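Derivation of every value follows stated rules applied to the coordinates shown; laboratory data play no part. Everything quoted here is computed from the prediction, not taken from an experiment. Don't worry about glycine lacking a Cβ; one is built from the backbone with ideal geometry, like all the others, and counts go over all protein chains shown.
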Amino acid sequence: MAAQSKIKANELIEPGDDDAVELAKRHLVQPWPYAGSVGNEARALIGEGNGIYITDGSGKRLIDGPAGMWCINVGHRREELAKVMYDQAMALSYNTPWYTMNAPSAELAKRIADVAPGDLSHTFFTTGGSSAVETALRFMQFYNNVRGRPEKKLILSRGGAYHGSTYLSASLNGRPRDRDWMDGADELVVKLSSPDPFRRPKGTDVAAFTDFLVDQFRDTVARVGAERIGAFVGEPVQASGGVIVPPDGYLKRIREICRENDILYVSDEVVTGFGRLGHVFASGDVFGIDPDMITFAKGVTSGYFPLGGVIISERLLEELRRSNHPDALFGHGLTYTSHPIGCAVALKNLDLLEEGVLAHTREIAPYFQAQLKTLEELPLVGEVRGLGLMACVECVADRESKDPLQLDKDVGKRIDAHCHELGLLVRPLINMCVMSPPLIISREQVDDMVAILREGISRTMDDLRKEGVWRG
């Protein structure tokens, strides 16, 4: 017989309770585990959140540097959102989307259409970013089947990309460690280079690098055949790839090639949407493009409820309605599609964004980027880059070779550990530290965050020197 837990069913586990660690190790499978510790792992326990801060299991208050996972845009403990969740649950907690609908989802779809670029006018709601990307790709397949082009199904993606964890969305991912031990639909995906100016070939200026990326895209379409390529999926800023901000004009040029070759352009705004760059959507307002579809999640509810979606061009829907196959069924849906509580929370969250949070983000973003840029004074830092309220500090062994510290791939974790001790949660990515705080952060809090990060990097440099891993 399995050992009995010390926790009774009706007892709450308080923040810092050792029982939570015990139960996690015995019963909880964490996301992205290693085989050697799967099902026997406890991670940093977070007990509470308030504003831009969280409290860990020991009671230490930390700046929430990653905003959860790019998502706590309006901050923790917003009573307005909690109240909406309660009110909607008491009115209608759920309805089946197969043959009924609810009012919050219809209103939210209209609000989204009002601010989306181009002719994006209809939204299919999902449960998160992975299912949003999966939906966009399945819609592309359905669209081409109905139009009599069953061979037009290949998907263009890029190195450094991250688009999800479901089978098809994960197949697009361009980070090697994401796929080393995992299967994917490789026969459906064609990978292109990451638009990372920091990693451009030595001696190549940014303009020439941009031309290379565009030429590579055009040549790939010609080589593979436009008649076989259904979609290009790209983040406006590659988030989990290290906050890769593309060169000026690159996305517009890629959009034109897609339009010329009848390739659907899917802009993955799971991270950049709903305020991270100071606008509800960055595709049009920041990068000047009008995609055929936009996927979103995370910030749409500021992480208070799982919700995502894909916004679809009116043109695509009209073409389906005019087709010779009016009985063709888009056999796709989720139990929690258009969830009434999630949509109600998103409506209130959108109110908060439009009533001041977006304007504040646009005002403070230059200060945020400028203060983080001062960290390039540290010899371990190769580059600080970012846009809006998302940034990455990339550490290198030396700036000439840009060697990402091959002798110590956990340098990001080292920095995070020091920063945690000092009062800041960082998102470590191998040799990088990603920062994407709640959008309500103040100038004083930016200063605190940068000061802690500076000290955390400095302590890490000392550690590496003492261990002989890095001479600096």
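Given +1 on the Cβ of Lys and Arg, -1 on the Cβ of Asp and Glu, and no further charges, what dipole in debye does the chain carry about its Cα centre, rounded to the nearest 20?
On the way: 53 positive and 65 negative charges, 137 e Å.
It works out to roughly 660 debye.
Considering only DSSP beta bridges where both residues belong to the stretch 108-262, give the percentage that are antiparallel (nearest 5).
Values: 1 of 8 bridges.
Taking every DSSP beta bridge with both residues in the stretch 108-262, the antiparallel ones total about 10 percent.
For mean projected area of the Cα convex hull in nm², several values are listed as (1) 20.3; (2) 22.9; (3) 24.5; flag the one computed from this structure.
(3)
Between the stretch 158-189 and the stretch 67-89, what is the separation of their alpha carbon centroids in Å?
31 Å
Placing unit charges on C-beta atoms (Lys and Arg positive, Asp and Glu negative, everything else neutral), compute the dipole magnitude of the stretch 80-353 about its Cα centre in debye, rounded to 20.
It comes to approximately 300 debye.
Using all alpha carbons of the stretch 80-353, what is the percent of pairwise distances in each 5 Å bin, ordered from the shortest bin to the longest?
1, 6, 13, 17, 19, 17, 13, 8, 4, 2, 1, 0, 0
Amide H of residue 427 versus every other amide H placed in the peptide plane: which residues, excluding those fewer than 5 positions away on the same chain, fall under 5 Å?
Amide H neighbours of residue 427: 434.
Which of the chymotrypsin sites (Phe, Trp or Tyr not before Pro) found in the stretch 178-242 are loop residues per DSSP with 16 or fewer other Cβ atoms within 10 Å of their Cβ? Working shown, then result.
Numbers: sites: 181, 198, 209, 212, 217, 232; in loops: 181.
Qualifying residues, ordered by number: 181.
Cross-link candidates for residue 373: which lysines have Cα within less than 25 Å, leaving aside residues fewer than 8 places away along the same chain?
List returned: 202, 402, 409, 413.
For the stretch 257-308, count all C-alpha to C-alpha pairs, find those more than 17 Å apart, and express that count as a whole percent of the total. Mind showing how you got there, number by number?
On the way: 498 of 1326 pairs.
Every Cα pair in the stretch 257-308 considered, those over 17 Å come to 38 percent.
Would you compute, from DSSP H runs of 4+ residues alone, the mean residue ellipticity of the chain at 222 nm, taking -39500 (n - 2.57) per run and dividing by the full residue count, rounded to the nearest 500? Spell out each step's value before the answer.
Details: 15 runs with 175 residues, N = 472.
After summing the helix terms and dividing by the residues of the chain, the value is -11500 deg cm²/dmol.
Among 225, 46, 155, which residue has its Cα furthest toward the positive end of the charge dipole of the chain, with +1 on Lys/Arg Cβ and -1 on Asp/Glu Cβ?
In the chain, that residue is 225.
Which trypsin sites (Lys or Arg not before Pro) does the stretch 399-452 hold that lie in a coil by DSSP with at most 15 other beta carbons within 10 Å?
Details: sites: 399, 402, 409, 413, 414, 443; in loops: 399, 402, 409.
Counting only loop positions with at most 15 other Cβ atoms within 10 Å, the trypsin sites (Lys or Arg not before Pro) in the stretch 399-452 are 399, 402, 409.
Put +1 on the Cβ of every Lys and Arg and -1 on every Asp and Glu Cβ in the chain; which of 65, 264, 358 then has its Cα farthest towards the positive end of the dipole?
Selected residue: 264.
Could you put 204, 337 in order, starting from the residue whose Cβ has the fewest other Cβ atoms within 10 Å?
Values: 204 13, 337 19.
Listed from fewest to most nearby Cβ atoms, that is 204, 337.
How large is ³J(HN,Hα), in whole Hz, for each residue of the stretch 340-350 in order, when computed from phi with the Karplus curve 6.51 cos²θ - 1.76 cosθ + 1.60 and θ = phi - 60°, using x for Gly and Pro?
x, 5, x, 5, 5, 5, 4, 4, 5, 4, 5
Can you compute the charge dipole magnitude of the stretch 403-471 about its Cα centre, using +1 on each Lys and Arg Cβ and -1 on each Asp and Glu Cβ, nothing else charged? Give it in debye, rounded to the nearest 20. The partial results should precede the final answer.
Working: 10 positive and 12 negative charges, 32 e Å.
Charge dipole, the stretch 403-471, about its Cα centre: 160 debye, nearest 20.
Counting Lys and Arg as +1 and Asp and Glu as -1, what is the net charge of the other residues whose Cβ lies under 13 Å from the Cβ of residue 228? Spell out each step's value before the answer.
Details: positive: 149, 152, 153, 223; negative: 151, 187, 227, 262.
My count for the surroundings of residue 228 gives 0.
Once amide H atoms are built 1.01 Å from N in the peptide plane, which residues 5 or more positions from residue 308, or in another chain, come under 5 Å H to H?
The answer is 126, 127, 128.
Efficiency by 1/(1 + (r/R0)^6): what FRET value for residue 35 and residue 322, r their Cβ-Cβ distance, R0 = 41 Å, to the nearest 0.05? Provide the component values of the computation, followed by the final result.
Values: r = 51 Å, r/R0 = 1.25.
With R0 = 41 Å, the Cβ-Cβ based efficiency is 0.20.
Roughly how many nanometres apart are two label points built 7 Å out from the Cα toward the Cβ at residue 204 and residue 223?
In this crude spin-label approximation the distance works out to 1.4 nm.
In whole Hz, with x marking every Gly and Pro, tabulate ³J(HN,Hα) for the stretch 40-54 from phi via Karplus 6.51 cos²θ - 1.76 cosθ + 1.60, θ = phi - 60°.
Each residue of the stretch 40-54 in turn: 9, 9, 10, 9, 4, 7, 10, x, 9, x, 7, x, 8, 10, 10 Hz.
Please report, for the Cα atoms of the stretch 141-262, the Rg to one decimal and the Dmax as a whole number; what are they, in angstrom?
Calculated on Cα positions, Rg and Dmax stand at 14.7, 48 Å.
Express the relative contact order of the chain as a whole percentage, based on alpha carbon pairs under 8 Å and six or more residues apart in sequence. Don't skip to the end; give the middle numbers.
Numbers: 907 pairs, mean separation 91.6, N = 472.
Relative contact order comes out at 19 percent.
Considering only DSSP beta bridges where both residues belong to the chain, give the percentage that are antiparallel (nearest 5).
Antiparallel: roughly 65 percent of the beta bridges in the chain.
With unit charges on the beta carbons (Lys and Arg positive, Asp and Glu negative) and the dipole taken about the Cα centre of the chain, which residue among 330, 92, 302 sits farthest to the positive side?
Result: 330.
Could you check what % of the DSSP bridge pairs in the stretch 80-353 are antiparallel, to the nearest 5?
Numbers: 11 of 25 bridges.
Counting DSSP beta bridges with both partners in the stretch 80-353, the antiparallel share is about 45 percent.
For the stretch 313-318, what does the Karplus curve 6.51 cos²θ - 1.76 cosθ + 1.60, with θ = phi - 60°, yield as ³J(HN,Hα) per residue in whole Hz, taken in order and with x for Gly and Pro?
Karplus-based 3J(HN,Hα) across the stretch 313-318 equals 4, 4, 4, 5, 5, 5 Hz.
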